[in-house]
Amino acid sequence: MSQRDQALVTAWSRDADLLLAERAQRRGDGPTEVVLPARLSVSSLVALARDPAGLARQVRRPMPRPPARQARRGTAFHQWLEQRYGQQLLIDDSDLFGAPDDPQATDLTELRARFERSEWADRWPQAVEVPFETLVGDRLVRGRIDAVFGSVSGGGPDGGYDVVDWKTGSPPRSDAERHAVSVQLAAYRLAWAALAGVPVAAVRAAFYYVAHETTVRPADLLDEAGLAALVEQLPLGA
């Protein structure tokens, strides 16, 4: 059996476990372990790092999320990048449900101007809006990478890559939130290394916060083992 077939078998088994667990809960058979679905989005990994109990409640009793305040601005900026790069770009929900915007909204014209002043304006990506599905532990994680650039050092290409995610909201203000959002880049870095067939060490990762003209490269991103350990920490449900 191939690795992918094994992952699908595991997915079916976990789906069955979820149904049985829900039935046991409805019968009042006592505390029920909350099991993460076998297929996860990168946004779910970020939510797990941010608030494991909150994600457990969402898994047990799915509820629609309210519209994000910066969704319209984020969509407009990505549409402009679509025109700039000449490709069909899609919107990732992690861009639409990020940190709150600043009190004074920055319109698209200003976002464009700030991007054109950035270190990324004169660099052309090797790939944009890259969809992926990769194994983390025994779960399939899916996502979409905004842009991948050839990395440079010492004034020229160094054979590595820069994976970049564009953010139109504000950078996180707390260490806990910075750690949570960095899980997104950790997953992107792991996925691109697999797609490109290069060591994870050859892939750097960054957020570019457009409104703040700030590139953030988190240190000590989780590796494959760290991400696998993360998905195993979901607590018992209430």
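The values are calculated or read from the model by the stated rules, or taken from the named source; none is laboratory data. Computed from a prediction, not measured in an experiment: that's the story for all the values here. Please note: Cβ atoms are built from the backbone with ideal geometry, for glycine as well, and neighbour counts cover all protein chains shown. The accessibility values were calculated without ligands, DNA or RNA, using every heavy atom of the protein model including side chains. Shrake-Rupley method; radii C 1.70, N 1.55, O 1.52, S 1.80 Å.
Structure notes:
- The length gained by stretching the chain between GLN83 and ALA113 to full extension, at 0.36 nm per residue less their Cα-Cα distance, is 9.3 nm.
- Under 5 Å between amide hydrogens, built in the peptide plane, is the criterion, and for ALA127 it picks out VAL148 among residues at least 5 positions away or on other chains.
- Extension gain (nm, one decimal) between VAL200 and ARG50, 0.36 nm per residue minus Cα-Cα: 51.6 nm
- A simple spin-label model places pseudo-atoms 7 Å from Cα toward Cβ; at HIS179 and VAL152 they are separated by 3.5 nm.
- Annotation: THR214 carries an accessible surface of approximately 50 Å², with a 1.4 Å probe and no ligand, DNA or RNA atoms counted.
- For a label point 7 Å along the Cα-to-beta-carbon line of GLU133, residues of region 35-50 with backbone N under 11 Å: 39-40
- Area accessible to solvent at GLU224, 1.4 Å probe radius, in Å²: 100
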